Structures are given as C-alpha cells and as structure tokens.
Amino acid sequence: MNKTRNFIIGLFFTAVLIFLLYTTWIITRPLPLEIQGEVEATQFRVASKIPGRIDSIAVKKGQQVTKGDFLFSISSPEIDAKLMQVTALRNAAQAQSQKAQNGAQAEDITSAYNMYVKAEAAARLYEKTFERVGNLYKDGVVSEQKRDETETQAKAGRETANAAKAQWEKAVKGARVEDKLAAQEMVNQAEGGIKEVQAYLAETQIKSPASGEVSNLISECGELVPTGFPVITIIDLKDCWATLFIREDLMVNVRMGSDIKATIPALGNQEVILKVNYISPIADFATWNATKTSGGFDMKSFEIHAVPTSKVEDLRPGMSVLVNWEQFRK
C-alpha cells in the first residue's frame, strides 16, 4: 500500500515538474518575428474646379466605373449668367471689328466725294479769279488790296478742296490698320473669355478620371461644395500594394527588388510573393529610442511598399498582410 502511494506521489511530482519545464520553455523560447502590414491601392478623389450645389449623382458605392463615365453634376447659375455676359461682349466686339474692316458705308463715301467735288470746283474758280485779278492788277485796273483778297480766297479754296479730298480718301480706305488690329484683338479677347467660361461650365458635368470602383460618396445631392472639395473617391483595384513599417535593424537583407513571402488572412491565409518597390524613412516621431545610455542607438523606422508579383484575386485595400521576418535572417 505504501509503495503504491509513494509511486503515485512520485508520478504526480514528476508530472508537475514536466509541466513546469514545458511551460518555462514555451514562455522563454524566442517567437518568430511577424510583421503586420496593410493593403493599399491608388485612390482618386474626384472634385470640381468650381463651387456649387450638387445637382445629381449617377453612381453608388461599390459600383464599377470606367474612365470617362459620368459621375455627378453641379448646378451653378453664376456660370450660366457669366456665359451670357461674355457672349454679349463677343458679339459687340465682332460688330466693332466688322465696322472697322468694312470701312464707311457707301452713302458716306458718296457724300464725302460730293463734298470733295464741290470744294475742288470752288478752289478752281478762286484760282482763275485770282489769275484774272492779277492780270488786271498788272494793268493798273484794280488795287493791290483786291489782288491780295483774291489770292487769299484762292489759297483757302485749295486747302478746303485738299481737306475734302482727304476725307473722301479716308472714307474709301476705311479705318487705319492699327484700328482694325485693335478691333480684331478685342474679338479675340472676348472669344478667350467665352472659352474660359465654357471650361468652367464643363466642370459642372464631372466624369471619372480613371477606371475603378466607387469607394465612397463624401457628399450628397443638394449639398453645397466648395472649389476642389472631393465628392466621390474611386480606387483602382488593379494597382494594389502592401505597406509595411520596419525598424532599421530588421532591414539587413531588404533591398529594392527584394521578394517577400507574405500571407493574407482575409483570403484564407493565402500566400503571396511581394516585390519591394519603395523604401523611405519615416519622420522622427517613429524613431525607436535606445533603452541604454551606452551600447545602444536610436533606430529609425522605414516605410516599405511591396507589390504582388502576380495577380491576387479579391485583393482589396484594408486587408492585413502578415510577414514572417525570419525569412530574412537565414
């Protein structure tokens, strides 16, 4: 009886000792270092260049869109009013330009020509009169005063005729070259204003800048949105990558182009191969400070991007990526 009891007690203490030893081994054994990252994708924040009220939204969350698809529209009465203003300015500038290019009307040209003919006839009459009075003056028939008066009339008549001729020629030629160019440039300026307003008007009908999936609708119909405020976000599921944050002491064998074996829990722990295509240090707030004043150093953290080497079905942003870092210590 005593032997049996002693055997049982010894067996019990042996089991307790084995349990303690196993527990100690489990607690003290070095665990494999596993780093967790996250899947990200290219994201487009679709906004309008002009402020206004959202008039309609043609897509829903999760909807697939292609580049150029209509997304939403913005109502902006101010743009419509501005288009009417610049169109009126363009029409007025075109009328002025046509007036400068065409010159005076036929009636104005005829009237100027008649005035010139009349002034030319009067000038010739004054000149003949002066010639006759001059001959009479030489014969002593008229006084010097009379000759001077007729000479002045002849000169004045000739100047009047020359002025009338200049007016007629001006009417025939039309506006000066500089005036025509200035009028045309006014038209060009107005045309530029119309194109500018039309460009703003096109921004009221927003189309998708790329193909992808609608991930979020930030605003709803009827809401006022300022310039550049994103209304819809689109993600490109064909351009996904994993983002990891690594201490520099773990990057001994990690270089640009290095392959990383990872698992994705959301896909049933599917194993994928990732290739490093981006390495960048993080700001100082992510620095790991040394715990010892001697024999240690402050370690920076690095942001690493790695893309799948082959297509991974159903891979989406936000999924966790687990990497056993022991693969880089071999």
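Values in this text are rule-based calculations from the coordinates and carry no lab data. Given the structure is predicted, the values throughout are model-derived calculations rather than measurements. Counting neighbours? That spans all protein chains shown, and the Cβs are built from the backbone with ideal geometry, glycine included.
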*How much length is gained on full extension from LYS61 to ASN114, taking 0.36 nm per residue of separation minus their Cα-Cα distance?*
11.1 nm
*Please list the non-local residues whose amide H lies under 5 Å from the amide H of GLU203, H modeled 1.01 Å from N, same-chain partners needing a gap of 5 or more.*
none
*Nearest 0.05, what FRET efficiency do LEU125 and GLN189 give at R0 = 35 Å with Cβ-Cβ as r?*
0.10
*asked:* Cβ neighbours within 10 Å, averaged per peptide: list 70-82, 130-142 in order, most packed at the top.
replied: 70-82, 130-142
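Just to verify a number: FRET efficiency for ALA266 and GLU78, C-beta to C-beta distance, R0 = 41 Å, to 0.05?
Values: r = 48 Å, r/R0 = 1.16.
Efficiency at R0 = 41 Å is approximately 0.30.
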*asked:* If I model a spin label at ILE18 and ASP69 as a point 7 Å from the Cα along the Cα→Cβ vector, what separation in nanometres do I get?
replied: 6.4
*By a straight-distance test (C-alpha under 12 Å), which aspartates and glutamates pair with LYS170 as possible cross-link partners, with residues fewer than eight away in the same chain excluded?*
ASP108
*Starting from the Cα of ASP314, step 7 Å along the direction of its Cβ; do the same at ALA95; then give the gap between the two resulting points in nm.*
7.0
_For the stretch 135-145, 3J(HN,Hα) per residue [Karplus equation, 6.51 cos²θ - 1.76 cosθ + 1.60, θ = phi - 60°, Hz, x = Gly/Pro]_ = 5, 5, 5, 5, 7, x, 7, 10, 7, 5, 4
